[in-house]
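The structure under discussion appears below in the form of structure tokens.
The values are calculated or read from the model by the stated rules, or taken from the named source; none is laboratory data. Everything numeric in this text was worked out from a predicted model, so none of it was measured. Counting neighbours? That spans all protein chains shown, and the Cβs are built from the backbone with ideal geometry, glycine included.
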Protein chains: 2
Amino acid sequence: MLYLIGLGLADETDVTVKGLELIKKAERVYLEAYTSILLVDIANLEAYYGRPIIVADREMVESASDEILAGADTSDVAFLVVGDPFGATTHTDLVLRARELQIPVRSVHNASIMSAIGATGLQLYNFGQTVSMVFFTDTWKPSSFYDRLKENQQIGLHSLLLLDIKVKEQSLANLARGRKIYEPPRFMTVAECASQMLETEEERGEGVCGPQNLAVGVARVGAWNQKMAAGTLKQLSGIDLGAPLHSLVLLGKKTHYLERDFVRDFAVKQDVFDTVWSELYEGKQ
Amino acid sequence: MLYLIGLGLADETDVTVKGLELIKKAERVYLEAYTSILLVDIANLEAYYGRPIIVADREMVESASDEILAGADTSDVAFLVVGDPFGATTHTDLVLRARELQIPVRSVHNASIMSAIGATGLQLYNFGQTVSMVFFTDTWKPSSFYDRLKENQQIGLHSLLLLDIKVKEQSLANLARGRKIYEPPRFMTVAECASQMLETEEERGEGVCGPQNLAVGVARVGAWNQKMAAGTLKQLSGIDLGAPLHSLVLLGKKTHYLERDFVRDFAVKQDVFDTVWSELYEGKQ
């Protein structure tokens with residue numbers, strides 16, 4: 001059996017009791033470590049589980065999935081994923097490959113940022129499609145996220161933006177020369193995301209994510225030291241919410257007053273929040 | 001401290017290790033039991049936790065929240081919610097009330113159907129807003145869900161429909177006479193949901209959810225005996241997926257071929273699925 005086991009969001013104790021029991025009994029334990037991270041080291045997980053962990057990088061999951069699946073028809077393999085196992089495309093690949101090999105698959109679900117974002121007080125029913133924000137470079141500033149935000153905005157909905165993480169990436173020079181030397185990991189911050197949104201608004205000019213649009217920046221959701229900040233994108237572009245992971249929600253105009261009350265409590269400056277709210281949001285949809 | 005603790009989706013072992021430890025130590029343990037249910041009895045939970053559980057019905061959470069919060073400034077109260085604690089509006093109320101009373105609040109997140117629905121193989125990025133489907137009566141057939149589905153469909157996105165549950169409801173006659181006699185619980189099935197969608201399409205006629213639209217019905221997501229069925233709404237309106245809880249996903253036209261491959265495996269009839277797919281979905285957005 002292949003068990004896909006979600007680890008939740010913050011630390012080693014966020015695994016479910018069901019998940020933990022399966023990890024302890026599995027023949028081999030893999031950890032997918034390139035689409036998200038826990039806020040603790042792998043050594044902590046190994047100590048907590050009492051099991052060695054094989055780190056599965058993108059290369060391994062995408063091109064060596066048969067290695068992960070080896071023997072899973074007769075014994076149990078645990079494949080651990082931060083958050084819920086079905087957040088990222090590649091695990092669909094892995095399940096499809098397991099099906100081809102007639103290996104049965106079971107999932108142990110867990111918290112995902114896509115539902116835990118409700119901790120902002122914003123209603124999950126009022127979110128549109130989730131959007132990814134990648135790191136811009138000098139020559140590559142993809143703006144397809146802007147189109148998705150616009151679609152959500154036109155029907156008054158909030159947008160959750162998941163921020164890029166770069167783990168085990170090679171520089172262009174090293175890639176070109178085939179040198180397996182990796183850059184230090186990078187995690188996009190709320191401030192970086194807000195700045196890229198403003199830059200794209202500047203370019204596109206369709207009023208989707210300008211300096212006066214309200215948003216909520218969140219850091220380390222699910223951890224006791226989680227942090228939230230509500231304000232304009234202009235304000236958030238200068239904020240420091242500390243250690244990763246960060247995400248951002250762009251508010252939709254359908255925002256309910258109970259959502260407003262909840263979010264206002266995290267406002268960078270409540271007077272600014274109130275002014276922008278009453279001028280641009282209240283009763284606008 | 002008020003701890004809002006998600007219980008996940010299926011049974012008592014879906015609680016997180018962190019959540020379980022907090023439940024065992026809490027002064028009082030409440031269970032919110034009207035917006036969702038676990039697939040096991042409350043007695044199982046009490047035995048597993050080694051703690052008595054106070055069932056909090058809608059009346060209690062909405063009008064007696066101070067009772068729940070009593071003493072939470074000096075000791076710990078655990079408020080258990082099936083799925084993730086931030087799926088339903090009323091818990092926002094509870095947190096806002098706790099804030100007024102200056103009671104600190106922490107959340108322990110867990111799996112929610114809103115992310116676990118990824119187990120269908122449909123990408124969470126391709127979902128629009130989530131929609132509720134209530135039980136129609138002879139005189140009350142609200143069609144606002146249809147407008148939401150249409151909004152999602154216009155931008156090619158999938159729609160998750162969460163199906164009505166009726167727990168501790170009074171009949172109109174008993175309500176009018178103030179008799180606290182409750183009807184047996186009812187859980188909407190995939191077949192009932194599909195039938196109501198077809199009935200509304202019949203009425204509205206805007207091509208949002210007709211007999212040929214593809215959908216995936218799911219039952220008991222997260223349990224080992226979870227079941228999925230993909231097919232037209234016409235097919236699903238006659239299907240029996242067994243015990244609750246059920247949900248339904250209406251497919252968007254942006255469906256990726258990898259999503260198609262995954263879902264096709266659950267098809268009620270693969271030839272019907274393939275024909276409808278190639279005529280109405282493939283390359284249509």
What number of residues within segment B:100-125 are in a helix (DSSP H, G or I) and at the interface with another protein chain (Cβ under 7 Å from one of its Cβ atoms)? 7
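Here's a check for you: in segment A:85-99, which residue that is part of a helix (DSSP H, G or I) and closer than 24 Å to A:Val17 by Cβ is modelled with the highest pLDDT?
Taking segment A:85-99 and keeping what is part of a helix (DSSP H, G or I), we get A:89-99.
Now narrow it down to the ones that are closer than 24 Å to A:Val17 by Cβ: A:91, A:95.
On the way: A:His91: 83, A:Val95: 91.
For segment A:85-99, the residue satisfying everything is A:Val95.
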Residues that are at negative phi, at pLDDT 95 or above and more than 14 Å from chain A (Cβ to nearest Cβ): does segment B:19-27 have at least one? yes
Residue in segment B:195-205 that is of a type outside the set (Asp, Glu) and either assigned to a loop (DSSP other than H, G, I, E, B) or over 25 Å from the mean Cα position of the chain (by Cα) (or both) present: yes
Could you give me the residue pairs with C-beta distances under 9 Å whose first residue belongs to segment A:136-159 and is among the β-branched types (Val, Ile, Thr), whose second residue is in a loop (DSSP other than H, G, I, E, B) wherever it lies, and which are 6+ apart or on separate chains? A:Ile155/A:Gly128; A:Ile155/A:Gly252; A:Ile155/A:Lys254; A:Ile155/A:Gln285; A:Ile155/B:Gly128; A:Ile155/B:Gln129; A:Ile155/B:Ile155
For B:Ala10, indicate whether it is on the phi < 0 side of the Ramachandran plot, under 19 Å from the mean Cα position of the chain (by Cα), without any contact (Cβ under 8 Å) to a residue 40 or more places away in the chain and buried (at least 16 other Cβ atoms within 10 Å of the Cβ). no
Within segment B:20-67, how many residues are without any contact (Cβ under 8 Å) to a residue 60 or more places away in the chain and in a helix (DSSP H, G or I)? 21
Can you report the number of residues in segment B:149-171 which are under 12 Å from A:Ile155 (Cβ atoms), within 10 Å of another protein chain (Cβ to nearest Cβ) and either modelled with pLDDT under 95 or touching a Gly at 6+ places or on another chain (Cβ under 8 Å) (or both)? 4
B:Asp57 passes all but one of the listed conditions (1) within 14 Å of chain A (Cβ to nearest Cβ); (2) over 28 Å from B:Leu251 (Cα atoms); (3) of a type outside the set (A, V, I, L, M); (4) in contact with a Phe, Trp or Tyr (Cβ under 8 Å, 6 or more places away or on another chain); the exception is number (1)
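Residue by residue, here is whether (1) surrounded by fewer than 20 Cβ atoms within 10 Å (Cβ to Cβ); (2) of a type in the set (Val, Ile, Thr); (3) over 30 Å from B:Met197 (Cβ atoms) holds:
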site: B:Glu32; (1), (2), (3): no, no, no
site: B:Ile68; (1), (2), (3): no, yes, yes
site: B:Gly71; (1), (2), (3): yes, no, yes
site: B:Leu94; (1), (2), (3): no, no, yes
site: B:Arg99; (1), (2), (3): yes, no, yes
site: B:Ala111; (1), (2), (3): no, no, no
site: B:Leu122; (1), (2), (3): no, no, no
site: B:Gly128; (1), (2), (3): no, no, no
For B:Lys234, only one of the following conditions fails: (1) under 21 Å from B:Leu39 (Cα atoms); (2) not in a loop (DSSP other than H, G, I, E, B). What is its number? (1)
The residue from A:Ile103, A:Ile37, A:Ile53 that alone is at pLDDT 95 or above, surrounded by 15 or more Cβ atoms within 10 Å (Cβ to Cβ) and closer than 25 Å to A:Gly222 by Cβ is A:Ile53
Note: among A:Phe86, A:Phe136, just one is more than 14 Å from chain B (Cβ to nearest Cβ), touching a helix residue (DSSP H, G or I) at 6+ places or on another chain (Cβ under 7 Å) and either surrounded by 15 or more Cβ atoms within 10 Å (Cβ to Cβ) or not acidic (Asp, Glu) (or both), namely A:Phe136
